[in-house]
């Protein structure tokens, strides 16, 4: 019952514009940690913008309230922002997920780094350079970095874009396990079938947001999304 009273994220009547371009219109969303929430929609619909507002990567308005600190949120971006010419190694990237002043990582932090990499089956990559990895391997490294801090909520922005189906299934299986262990999951994804298989709720976001509970509203979502997808084209994150 406490979860029902204390959502992790509350969004009330949110509007957002880039200059004169309206991106988000009257967004309302209540998110609890018991939910595995998928966000889907077409290109330019505001999915990544909403994620950045929640994470305060774009200054967060008062319409969005969080019941946890940003330190308790793990974030997996669609692409790594590291300089490909900088020779950073996998274990160094993952260890960045531990909150510590530069150069002051404890033995426990290093142990957690290796433990997390082992969990994702990437320990053998620890001395490899990020620039030498495949797309799927890079996404697992970014996921390991996010998990290294033992987050209460994990937010992922198109983590399976441009990776093979085997890596995609591995990532979703891990997310399902994490969710069963009490970690909240919010994922932006272009694959409706994957979301239907794993999510408890799916939000269709195309400037405005419609929330569907799965499996109760599954048929309605398929009908609505199929029509919108046919008219508006392929899905992608903004």
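The values are calculated or read from the model by the stated rules, or taken from the named source; none is laboratory data. All values derive from a computational prediction rather than experimental measurement. Please note: Cβ atoms are built from the backbone with ideal geometry, for glycine as well, and neighbour counts cover all protein chains shown.
Identify, from the list 142, 174, the residue that is within 20 Å of residue 72 (Cα to Cα), part of a helix (DSSP H, G or I) and touching a strand residue (DSSP E or B) at 6+ places or on another chain (Cβ under 7 Å). First the steps, then the outcome.
Values: 174 fails: touching a strand residue (DSSP E or B) at 6+ places or on another chain (Cβ under 7 Å).
Every option except 142 fails the conditions.
Can you give me the number of residues within the range 8-25 that are assigned to a loop (DSSP other than H, G, I, E, B) and at pLDDT below 95? Give the derivation first.
Kept after step one, since they are assigned to a loop (DSSP other than H, G, I, E, B), are these residues of the range 8-25: 8, 19-20.
Filter once more, keeping what is at pLDDT below 95: 19-20.
The total comes to 2.
Being surrounded by fewer than 14 Cβ atoms within 10 Å (Cβ to Cβ), part of a loop (DSSP other than H, G, I, E, B) and on the phi < 0 side of the Ramachandran plot is the filter here, so list the residues in the range 177-216 that pass it.
181, 215, 216, listed by residue number.
Hey, can you tell me all the residues within the range 152-174 that are within 14 Å of the chain's Cα centre (by Cα), over 16 Å from residue 190 (Cβ atoms) and at pLDDT below 95?
Passing the criteria: only 174.
Need the failing condition index for residue 140 against (1) buried (at least 19 other Cβ atoms within 10 Å of the Cβ); (2) modelled with pLDDT of 95 or more, just the number.
Among (1) buried (at least 19 other Cβ atoms within 10 Å of the Cβ); (2) modelled with pLDDT of 95 or more, the lone unmet condition for residue 140 is (2).
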